[in-house]
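The values are calculated or read from the model by the stated rules, or taken from the named source; none is laboratory data. Fair warning: this is a prediction, and the values are worked out from it, not measured in the lab. Here the Cβ positions follow ideal geometry from the backbone for every residue, glycine too, while neighbour counts run over all protein chains shown.
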Amino acid sequence: MRKIRFALSAMCIVATGVASSMSATPAFADVTVGVTLSTTGPSSSLGIPQRNSMAMWPKEIAGQPLHVVLLDDASDPTQANQNARKLVTSDNADIIVGSSSAPPSLAVANVANELHVAQISLSPISMPAGTDHWTFRIAQPVSLMAQSVAEHMKKQGYKRIGFIGFSDSYGEDWLKNLQQSLAGSSTQIVATERYARADTSVTAQVLRIVSANPDAVLIAGAGTAAALPQITLKERGYRGQIYQTHGAASYDTIRVAGKAMEGAILPAGPALVPEQLPASALTKAPGMRYVEWYEGRYGKNSRTQFGPSAYDALLVLQRIVPVALKQAAPGTPAFRAALRDALESEKEIVACHGVFNFTANDHFGVDKRARVLLQVVDGQWKLVEY
């Protein structure tokens, strides 16, 4: 297990092949946040900017030292499960943040539910009703994003839609929500294909989609793996409109796909284009603050859909920790429960990717303020709809 531990009170990071730390054992008053991210493996293009963004986290929250233990789950659900279990049972985490993509995030959710510790997922995982009591999501729900794509398809008069998505919970969630968003309209899905995150070829799937002669195609992938179907569709002469999902919203995807990405349309969080938002958008100020910091540190166009989620997790923590501290001391089951309850009680938490209002029945907590529709024009993101 590759482990990264850092105590923000010391502002230092160490990455080793064994458990290690440059900080002393946290005092009882420390608020401990356990984090598992996919900084290696197929979803590393999501996990790395999230890890990078955590350098924005402060040394303390509400006057209490903030102690963070960060583990790499290598994009593997089994490892994510083990990480989450260790973070709670060995590191005494008060709350868990992670993981980066759907499969490992679902594995963490199982542990959160079992051990009664709140989870802030950075992936828009879909869970059966009643099973997400301890799981809250920072990433926008697929249902919200799929509605945006479906509405645009119908406005453009597209009748025949092709679909190719990951052969896991992310791809299935997108297919289900696109079908629901198109239900009752004359726009129908006429071809459905799947591929694995680590696949190096999708030629056979793309040929079947092209043969169905769709007006538009939706690619339900994430990270740079979303570029493969985009490139292959163009190589096979497809000239219809190609849509992507918010999982593909990074300049890395544009870089990998090259000219094949031109004209692609996708929904994304507003933090990807804060400069293009109207002044009235509540997400504009935190989005600008994040982008200016991140690109000042990592270079122009290094922003992604994924990194801001880690910063948004901090903004949520800064609202709920002071509330929980009034109820119990960190390091106790009562404090874990108080954090969970505060997630549901705090309202209008303004962040980069949305304004959060979690409720007992909605553990996504965002509305249309959490999405924009973008198009790739000359290798840049252009705002189409807000």
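Taken together, Thr224, Thr200 contain a single residue that is over 26 Å from Gly157 (Cβ atoms) and in contact with a Ser or Thr (Cβ under 9 Å, 6 or more places away or on another chain), which is Thr224.
State all residues of segment 150-205 that are among the β-branched types (Val, Ile, Thr) and more than 23 Å from the chain's Cα centre (by Cα); if no residue qualifies, say none. Passing the criteria: Ile161, Thr187, Ile189, Val190, Thr192, Thr200, Val202, Thr203.
Here is a check on your reading of the model: is Leu277 crowded, with 24+ Cβ neighbours inside 10 Å and more than 30 Å from Ala93 (Cα to Cα)?
On the way: crowded, with 24+ Cβ neighbours inside 10 Å: no; more than 30 Å from Ala93 (Cα to Cα): yes.
When the stated conditions are applied, Leu277 does not pass them.
I'd like to check something: does segment 280-298 contain any residue that is in a strand (DSSP E or B) and in contact with a Lys or Arg (Cβ under 8 Å, 6 or more places away or on another chain)? No, the conditions are met nowhere in segment 280-298.
With respect to the conditions (1) within 26 Å of Asp72 (Cβ to Cβ); (2) in contact with a helix residue (DSSP H, G or I) (Cβ under 9 Å, 6 or more places away or on another chain); (3) not acidic (Asp, Glu), Ser90 falls short on a single one, namely (2).
Tell me, yes or no, whether segment 223-233 has at least one residue that is out of contact with any strand residue (DSSP E or B) (no Cβ under 7 Å at 6 or more places or on another chain) and either surrounded by fewer than 17 Cβ atoms within 10 Å (Cβ to Cβ) or in a loop (DSSP other than H, G, I, E, B) (or both). The answer is no, given that none of the residues of segment 223-233 is out of contact with any strand residue (DSSP E or B) (no Cβ under 7 Å at 6 or more places or on another chain) and either surrounded by fewer than 17 Cβ atoms within 10 Å (Cβ to Cβ) or in a loop (DSSP other than H, G, I, E, B) (or both). Search segment 319-339 for residues that are within 24 Å of Val355 (Cβ to Cβ) and pair each with any residue that is at pLDDT below 95 when their beta-carbon atoms are under 6 Å apart and the residues are at least 6 apart or on different chains. Note: pairs meeting the criteria are Val321/Ala62; Pro322/Ala62; Leu325/Ala62.
For segment 340-368, filtered to residues that are within 17 Å of Ala93 (Cα to Cα) and touching a residue at least 24 places away in the same chain (Cβ under 8 Å), the residue that is surrounded by the most Cβ atoms within 10 Å (Cβ to Cβ) is Leu343. Out of segment 247-263, which residues are in a loop (DSSP other than H, G, I, E, B) and crowded, with 23+ Cβ neighbours inside 10 Å? Ala249 - this is the single residue of segment 247-263 that is in a loop (DSSP other than H, G, I, E, B) and crowded, with 23+ Cβ neighbours inside 10 Å.
Evaluating Ala220 against the criteria (1) within 21 Å of Lys176 (Cβ to Cβ); (2) of a type outside the set (S, T, N, Q); (3) surrounded by fewer than 24 Cβ atoms within 10 Å (Cβ to Cβ); (4) free of Cβ contacts under 8 Å to residues at least 60 places away in the same chain leaves one unmet condition, (3).
Tell me, which residue of segment 289-321 that is touching a strand residue (DSSP E or B) at 6+ places or on another chain (Cβ under 7 Å) and modelled with pLDDT of 95 or more is surrounded by the fewest Cβ atoms within 10 Å (Cβ to Cβ)? Residue satisfying both the conditions and the ranking: Gln318. Note on segment 31-143: enclosed helices (runs of 4 or more DSSP H) holding 3 or more residues that are out of contact with any Gly (no Cβ under 9 Å at 6 or more places or on another chain), of a type in the set (A, V, I, L, M, F, W, C) and surrounded by 20 or more Cβ atoms within 10 Å (Cβ to Cβ) are 102-115.
Only one of the listed residues (Ala222, Ala226) is closer than 23 Å to Ala150 by Cβ, among the hydrophobic types (A, V, I, L, M, F, W, C) and modelled with pLDDT under 95. That residue is Ala222. Scanning segment 234-248 for residues that are small (Gly, Ala, Ser) and in contact with a strand residue (DSSP E or B) (Cβ under 8 Å, 6 or more places away or on another chain) turns up Gly240, Gly247, Ala248.
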